[in-house]
Amino acid sequence: MTDTVSLKMGWVPSINPHFRLQWEEAQQAFVLLYPEGMIKLNFSGGEILSRCDGGSTIEDIVEELQRKFPEADNLEQDVLEFLAGAFERRWLIYEAL
Amino acid sequence: MTTPPFWLLAELTYRCPLQCPYCSNPVEIAQIKDELDTESWIRVMTEARKLGAVQLGFSGGEPLVREDLIELVAEGRRLGYYTNLITSGIGLTTDKVAALKQAGLDHIQVSFQASGAELNDLIAGSNKAFNQKIAMTKEIKRQGYPMVLNFVLHRQNIEQVDRILDLAVELQADYVELANTQYYGWAFHNRAELLPSRQQLQDAEAVVQHYRDKIGARMKIIFVVPDYYENRPKRCMNGWGNIFLTVTPDGTALPCHSARQLPLQFPNVREWSVADIWQASPGFNTFRGDDWMREPCRSCPEKAKDLGGCRCQAFMLTGDSANADPVCDKSPHNNRIREIVNQAQLSDGRVKPMLMRNWQNSKDLIASSAQTEGAVK
């Protein structure tokens, strides 16, 4: 169970420079690339990570996704859980405003 | 329907300034000349990308020997690959590290043979190799690349694993790969001197765990155990012709670096498109699916897990590439692995001379195996 309490909504996340996020046409998915490895992201993972561009706070990202997917239950909790896991795996770094 | 070849390994050359006796290149390097030209490599990279390849490794031998390396890296990046340079570090300079970064290289993996100069240079068969590697490793870090170190472990250096990890920490590595030697090519030839004892392996594993606990997420330590010590085989290359495509220096395309030795025909990129190689060539289709399996694999409940193991290992140790990998304790040939492993426990620990990986030794091996074949005929 990931601990979402440690994230702050004012954090501005971006992809760890040791990784690269890109859309792969052949896989119809976003992938996270790192030395000799590749993680294929599912639809929601891709939607979240592609917004971690160093220009939006976590709060911005959640709001944007809520606008895009108004029917999604529990979206904020799911997004925060995903982000906590991503930070834990060092996929993301952040700046605190 | 085949999966895309996600991983394209471009073995640009078998030339190399070092002579590591654990090298997995074929012992016949002296016979594999006629390297592909720049244009051909670009075509291969382009075609593979269209099929869905994403990871591109530049390797060899020593890829830095190629004068067109920067051009190839730039093209790889332009095509959208994540590019990896797998190198000994010999041939790098500060300027070259910068030029490669400029060309868009994503990562450089530097190999080390030991934790200190004396043993490193003895194993690598070169003076000053260690100092060059250290200098270039620092430069790579300074220029903002992820820092990835690769140490091939074997009996001659496995007891240094604590000092190896201290070195990695000192160099501020992000990833350290402690890759126990796998027995292909030159390593297969030198196996008796390379395979560690069970005790050595256990001690090394304990040290690795201790460092993992101490260092945590700061440095990721990957420890690969020699499969001779397992009782189930590895899921080799994640499956034959499944994810991994190697193109070797003369254009021969293979599903793994050692498949050339198998009594199969493999396509050459000079004659085949990458799409046809991957999808249609008999060589790549031979061991896809599980219809080719014999017993015990054929009716084994675990066959989907390890796919019967390594075809090359089956060939090298049982004479037939369709047999179960003898690492598996269900294999009727498992005793061969047991014998080799038992021998490794009896070693008196002295450093015995290994056959160094170089052109002259390759020529000698080729000549002597030709003689043997001649004598048998």
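The values are calculated or read from the model by the stated rules, or taken from the named source; none is laboratory data. Since the model is a prediction, treat every value here as computed from it, not as a measurement. Because the Cβ atoms are built from the backbone with ideal geometry, glycine has one as well, and the counts that use them run over all protein chains shown. Protein only, heavy atoms only, side chains kept; ligands, DNA and RNA dropped before computing areas. Shrake-Rupley method; radii C 1.70, N 1.55, O 1.52, S 1.80 Å.
Here are a few things to note about the model shown:
- Test: residue in the range B:315-329 that is closer than 24 Å to B:Gln202 by Cα, under 24 Å from the mean Cα position of the chain (by Cα) and part of a helix (DSSP H, G or I): no
- Residue within the range B:120-131 that is surrounded by 22 or more Cβ atoms within 10 Å (Cβ to Cβ), under 30 Å from B:Pro255 (Cα atoms) and without any contact (Cβ under 8 Å) to a residue 40 or more places away in the chain present: no
- Within the range B:5-26, considering residues that are within 14 Å of another protein chain (Cβ to nearest Cβ) and open to solvent by 30 Å² or more (accessible area, probe 1.4 Å), the one nearest to B:Pro196 (Cα to Cα): B:Trp7
- Residue match in the range B:5-20 (condition: of a type in the set (Ser, Thr, Tyr), out of contact with any strand residue (DSSP E or B) (no Cβ under 7 Å at 6 or more places or on another chain), outside any strand (DSSP E or B) and at negative phi): no
- Pick from the range A:20-32, criterion within 9 Å of chain B (Cβ to nearest Cβ) and farther than 20 Å from A:Thr57 by Cα, ranking: farthest from the chain's Cα centre (by Cα): A:Ala26
- Here A:Ile93 passes the criteria (1) open to solvent by 40 Å² or more (accessible area, probe 1.4 Å); (2) away from every other protein chain (no Cβ under 14 Å); (3) in contact (Cβ under 8 Å) with a residue 60 or more places away in the chain except the one numbered (2).
- Residue count for the range B:198-237 under the criterion of being loosely packed, with under 15 Cβ neighbours inside 10 Å and within 14 Å of chain A (Cβ to nearest Cβ): the result is 5.
- Conditions (1) surrounded by 13 or more Cβ atoms within 10 Å (Cβ to Cβ); (2) closer than 19 Å to A:Gln22 by Cα: number failed by A:Gly55: (1)
- Residues in the range B:135-150 that are within 22 Å of B:Ile222 (Cβ to Cβ) and open to solvent by less than 30 Å² (accessible area, probe 1.4 Å): 9 in all.
- Condition broken by B:Arg311, with the remaining ones in (1) closer than 16 Å to B:Arg288 by Cα; (2) over 20 Å from the mean Cα position of the chain (by Cα); (3) open to solvent by less than 50 Å² (accessible area, probe 1.4 Å) satisfied: (2)
- The requirement of being in contact (Cβ under 8 Å) with a residue 12 or more places away in the chain, crowded, with 18+ Cβ neighbours inside 10 Å, away from every other protein chain (no Cβ under 14 Å) and in a loop (DSSP other than H, G, I, E, B) is not satisfied by B:Ile29.
- As for the range B:54-68, it holds at least one residue that is in contact with a Cys (Cβ under 9 Å, 6 or more places away or on another chain), among the charged types (D, E, K, R) and open to solvent by less than 30 Å² (accessible area, probe 1.4 Å).
- Flag for A:Pro35 being within 14 Å of chain B (Cβ to nearest Cβ), closer than 22 Å to B:Leu105 by Cα and open to solvent by 40 Å² or more (accessible area, probe 1.4 Å): no
- Hits in the range B:151-194 (condition: within 29 Å of B:Ile366 (Cα to Cα) and open to solvent by 40 Å² or more (accessible area, probe 1.4 Å)): B:Gln182, B:Phe188, B:His189, B:Arg191, B:Ala192
- Being buried (at least 19 other Cβ atoms within 10 Å of the Cβ), closer than 26 Å to B:Ile108 by Cα and touching a residue at least 12 places away in the same chain (Cβ under 8 Å) is not true of A:Leu83.
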